[in-house]
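Scroll down for the structure; my scribbles are underneath it.
The values are calculated or read from the model by the stated rules, or taken from the named source; none is laboratory data. Here the structure is a predicted model, which is why all the values come from computation and not from measurement. Here the Cβ positions follow ideal geometry from the backbone for every residue, glycine too, while neighbour counts run over all protein chains shown.
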Amino acid sequence: MKKLISILGVAEGIILTTSLYSKALFANVQVASLSSFLVIVGASFAYKRMVDSKVTSETYEDDRDLLDEIEDPHELYDNEPINEAPVEELSLKEIVKEEKAKIKTFSLKSMKHGARGSVSAFRIVPYVFLILGFIALKNNEVLDLSFYLPSLLVGIIAGSLVSKEIAS
């Protein structure tokens, strides 16, 4: 917890120094860095919660390891026994049916799984803050993209450091 506070303290210290230059610069840097920080932390926290809930519910299936997935994405070299029947006994229709059954199709279950990770409040609220902050700066004629865009990096760095602490 001390490390999280020190990361946020250093980031805010950097941001507060911009207020010495101008209030417009401070507003741009503060909104940009805070919104990018919240987006990174919110996404990693939502992902962590999704993984934890899947592990605790024991619905996790033991997938192939990443290297095997990269080398053989279509499972061509699996250890499944190959139909060794003579050519005369093979039915093309049966082979096609077996192969179609192996193909993963888009279903309500797969859509629900994808939506669960992307529709989390931990992901939506930071994006709403990002959009509303940008609009507020623009409407008050304070927005300066030459300061706003590079300031996103401060929040990204702080967010990634905090996300590593949350994950461990």
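Scan region 129-165 for residues that are part of a helix (DSSP H, G or I), surrounded by 12 or more Cβ atoms within 10 Å (Cβ to Cβ) and β-branched (Val, Ile, Thr) and the total you get is 4. Could you list, ordered by first residue, the pairs with Cβ atoms under 7 Å in which the first is in region 22-42 and farther than 14 Å from residue 162 by Cα and the second is surrounded by fewer than 23 Cβ atoms within 10 Å (Cβ to Cβ) and of a type in the set (Asp, Glu), at least 6 apart or interchain? Within 7 Å, the pairs are 24/144; 28/144. The set of residues in region 135-153 that are of a type in the set (Gly, Ala, Ser) and either in contact (Cβ under 8 Å) with a residue 40 or more places away in the chain or under 20 Å from residue 38 (Cα atoms) (or both) comprises 136, 151. Close Cβ contacts (under 8 Å, 6 or more residues apart or on different chains) running from residues in region 122-133 that are in contact (Cβ under 8 Å) with a residue 24 or more places away in the chain and within 15 Å of residue 47 (Cβ to Cβ) to residues that are hydroxyl-bearing (Ser, Thr, Tyr) and in a helix (DSSP H, G or I) comprise 126/35.
Residues of region 105-148 that are at pLDDT 90 or above, touching a Phe, Trp or Tyr at 6+ places or on another chain (Cβ under 9 Å) and farther than 14 Å from residue 30 by Cβ: 126 alone.
So is residue 39 at pLDDT 70 or above, under 30 Å from residue 141 (Cα atoms) and of a type outside the set (D, E, K, R) or not?
Numbers: at pLDDT 70 or above: yes; under 30 Å from residue 141 (Cα atoms): yes; of a type outside the set (D, E, K, R): yes.
For residue 39, the condition - at pLDDT 70 or above, under 30 Å from residue 141 (Cα atoms) and of a type outside the set (D, E, K, R) - is met.
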